[in-house]
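Asks: Can you keep this structure in mind? I'll have questions shortly.
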Amino acid sequence: MILSTFNRPHLCPCRAAAFPIAVLLLLAAASSATGQRSYPPTMEGTTAEVYRTVDDVELNIYLCNPEGHSAEDSRPAIVFFFGGGWRSGSPQQFLPHCRYLADRGMVAAVADYRVASRHGVTANECVEDAKSAVRWLRANADRLGIDPDRIAAGGGSAGGHLAAATATLPGHDPDPDGPSPVPNALVLFNPATILAPVDGDPTPTEEQRERFAALKERFGAPPESMSPYHHLRDGLPPTIIFHGTADETVAHSTADRFCLGLRKHRARCDFVSYHDQGHGFFNFGRGEGDEKNKWYEDTVSRMDGFLYSLEWLDPKPNPA
C-alpha cells in the first residue's frame, strides 16, 4: 500500500508548524543521497551543451529530447538541479526523471552547477548558476524547440532549494537584464525552502545562533536573502512538493509551511506527504526487493499528473 497523502491545492490547509531550526540546519552538514554517483557524470542518451562559463569553468546542461524532436517544435521543458548540500552531488541523480519525461514528450534537462567541494563556491553562487540555466533555456527556446512560456524547474534537497530560488529570490543574478530566470512551474523533492528564522517562532538558542552563523558562511550571503519562504509573493508559479515525514535533514514542517505560504499568495501548491519516509526517499534505486523504486515510481507518477494538469503532457497511453 502506498502511504502518501496528497493535499489538493486550496482545499486542504497546511498546518503552520513551528520552524525547527536545529533540524533544518542539519542540511549544512548533511551528505547527499547522491554522493555515491560519479563525477564527471556519465549521461547516456543526452546532449550536453555549455550554458555558462565562469572563469575557466564550463557548466554543462544535459538535454534529453523526445523521439523525433526538432527545432520546429514548441514543447514544454524542465531543468533539474541535483542535491548535495551545495557541496557535492552529480547530475546523474535526475537522469531517470529526464528519460521518463522525454518519453512523455517534454524536453528534460539536468544542469551541472558549481559546488563547494569542486569549485570552492558558496551557495549564493549556486543560485547564480541555477538562474543562468533557466535563462539559457528560455534564451535558446527557438533553437531547442521548446516553449519559453512552459519551462519548469525541479530538484531535490539543496537542488530543490535552487529550483525554488529561481522563482522566488531577488538578486543573486549574474545577468539581471537578460531573459527572465523565473520558471513557469516548480517540481520540488524534499526542498530546503526556509533558511532563516521566521517572525513569531521561538527565539533561537545560543547554539542555534552559532549554527546560523556557520550557515551564513556556507551561503556567502545573508540567510534571509537565500530563503525562498522569506520572498513569497503573488504571481509565483504552480508548485508540487514531495516530502517525507521522517526527514531529519530538511524538516517536513518547513515544506508544509512553504506550501501554505504559496497558497496564501494565491499560488497553486500540491503537497504530497510520505509517511515515515526520510531524506532522499524519492531517488531512483532506493529500496530493496519488491520495495525497490516504489517511491521513485509513485513520485514520478504524481509529477506526471501535475504536469498533465497544467496541460503540458498528453494523457498517458492506455496500458493495453
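The values are calculated or read from the model by the stated rules, or taken from the named source; none is laboratory data. Since the structure is predicted, the reported quantities are computational estimates derived from the model, not experimental observations. When we count neighbours, we look across all protein chains shown, and the Cβ atoms used for this are built from the backbone with ideal geometry, even at glycine.
Asks: Among the residues of region 211-246, which ones are over 19 Å from the mean Cα position of the chain (by Cα) and under 27 Å from residue 78 (Cα atoms)?
Replies: If the condition is that a residue be over 19 Å from the mean Cα position of the chain (by Cα) and under 27 Å from residue 78 (Cα atoms), then 234 is the only one that fits.
Asks: Just checking, does region 214-221 include any residue being in contact with a strand residue (DSSP E or B) (Cβ under 7 Å, 6 or more places away or on another chain), among the hydrophobic types (A, V, I, L, M, F, W, C) and not in a loop (DSSP other than H, G, I, E, B)?
Replies: no
Conditions tested, residue by residue: (1) crowded, with 20+ Cβ neighbours inside 10 Å; (2) touching a Phe, Trp or Tyr at 6+ places or on another chain (Cβ under 7 Å); (3) under 24 Å from residue 295 (Cβ atoms); (4) not hydroxyl-bearing (Ser, Thr, Tyr).
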{"residue": "57", "(1), (2), (3), (4)": "no, no, no, yes"}
{"residue": "73", "(1), (2), (3), (4)": "no, no, no, yes"}
{"residue": "95", "(1), (2), (3), (4)": "yes, no, yes, yes"}
{"residue": "109", "(1), (2), (3), (4)": "yes, yes, yes, yes"}
{"residue": "112", "(1), (2), (3), (4)": "yes, no, no, yes"}
{"residue": "131", "(1), (2), (3), (4)": "yes, no, no, yes"}
{"residue": "139", "(1), (2), (3), (4)": "no, no, no, yes"}
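Asks: Surrounded by fewer than 21 Cβ atoms within 10 Å (Cβ to Cβ), at pLDDT below 95 and over 26 Å from residue 182 (Cβ atoms): which single residue out of 316, 294 fits that description?
Replies: Values: 294 fails: at pLDDT below 95.
Just one listed residue meets the conditions, 316.
Asks: Limited to region 174-205, what total is found for residues that are buried (at least 24 other Cβ atoms within 10 Å of the Cβ) and either among the β-branched types (Val, Ile, Thr) or without any contact (Cβ under 8 Å) to a residue 24 or more places away in the chain (or both)?
Replies: Filtering region 174-205 down to residues buried (at least 24 other Cβ atoms within 10 Å of the Cβ) leaves 181, 183, 186-195.
Cutting the leftovers down to either among the β-branched types (Val, Ile, Thr) or without any contact (Cβ under 8 Å) to a residue 24 or more places away in the chain (or both) gives us 187, 193-194.
Number satisfying all stated conditions: 3.
Asks: Given the residues 225, 253, which is the only one that is among the hydroxyl-bearing types (Ser, Thr, Tyr), assigned to a helix (DSSP H, G or I) and within 30 Å of residue 301 (Cβ to Cβ)? Talk me through it step by step, then tell me what you get.
Replies: Values: 225 fails: within 30 Å of residue 301 (Cβ to Cβ).
From the options 225, 253, the qualifying one is 253.
Asks: Select from region 198-252 the residues that are hydroxyl-bearing (Ser, Thr, Tyr) and either within 25 Å of residue 170 (Cβ to Cβ) or at pLDDT below 85 (or both) and list them in ascending order.
Replies: Hits for region 198-252 are 203, 205, 225, 227, 229, 239.
Asks: Working carefully through the options 154, 159, find the one that is buried (at least 23 other Cβ atoms within 10 Å of the Cβ) and either in a helix (DSSP H, G or I) or among the polar types (S, T, N, Q) (or both).
Replies: Going through 154, 159 in turn, just one is buried (at least 23 other Cβ atoms within 10 Å of the Cβ) and either in a helix (DSSP H, G or I) or among the polar types (S, T, N, Q) (or both): 159.
Asks: Another question, then. Would you check if residue 115 is in contact (Cβ under 8 Å) with a residue 60 or more places away in the chain and within 21 Å of residue 250 (Cβ to Cβ)? Outline the logic, then answer.
Replies: Values: in contact (Cβ under 8 Å) with a residue 60 or more places away in the chain: no; within 21 Å of residue 250 (Cβ to Cβ): yes.
So residue 115 fails the test.
Asks: A further question on this structure: Would you check if residue 166 is within 30 Å of residue 301 (Cβ to Cβ), touching a helix residue (DSSP H, G or I) at 6+ places or on another chain (Cβ under 7 Å) and part of a helix (DSSP H, G or I)? Outline the logic, then answer.
Replies: Working: within 30 Å of residue 301 (Cβ to Cβ): yes; touching a helix residue (DSSP H, G or I) at 6+ places or on another chain (Cβ under 7 Å): yes; part of a helix (DSSP H, G or I): yes.
Yes: the conditions hold for residue 166.
Asks: Okay, next question. Name the one entry in 52, 37, 99 that is basic (Lys, Arg) and either touching a residue at least 60 places away in the same chain (Cβ under 8 Å) or touching an Asp or Glu at 6+ places or on another chain (Cβ under 9 Å) (or both).
Replies: Working: 37 fails: either touching a residue at least 60 places away in the same chain (Cβ under 8 Å) or touching an Asp or Glu at 6+ places or on another chain (Cβ under 9 Å) (or both); 99 fails: either touching a residue at least 60 places away in the same chain (Cβ under 8 Å) or touching an Asp or Glu at 6+ places or on another chain (Cβ under 9 Å) (or both).
Unique residue meeting the criteria: 52.
Asks: Only residues that are of a type in the set (A, V, I, L, M, F, W, C), touching a residue at least 12 places away in the same chain (Cβ under 8 Å) and not in a helix (DSSP H, G or I): list them for region 269-320, please.
Replies: 269, 271, 272, 281, 282, 284, 310, 312, 313, listed by residue number.
Asks: Pairs needed: first member in region 235-255, over 10 Å from residue 187 (Cα atoms); second member anywhere, surrounded by fewer than 21 Cβ atoms within 10 Å (Cβ to Cβ) and among the charged types (D, E, K, R); C-beta distance under 7 Å; at least 6 residues apart or different chains.
Replies: Qualifying pairs under 7 Å: 245/276; 246/276.
Asks: Identify, from the list 157, 117, 70, 88, the residue that is over 19 Å from residue 184 (Cβ atoms) and within 12 Å of the chain's Cα centre (by Cα). Walk me through it before giving the result.
Replies: Working: 117 fails: within 12 Å of the chain's Cα centre (by Cα); 70 fails: within 12 Å of the chain's Cα centre (by Cα); 88 fails: within 12 Å of the chain's Cα centre (by Cα).
Within the list 157, 117, 70, 88, the selection yields 157.
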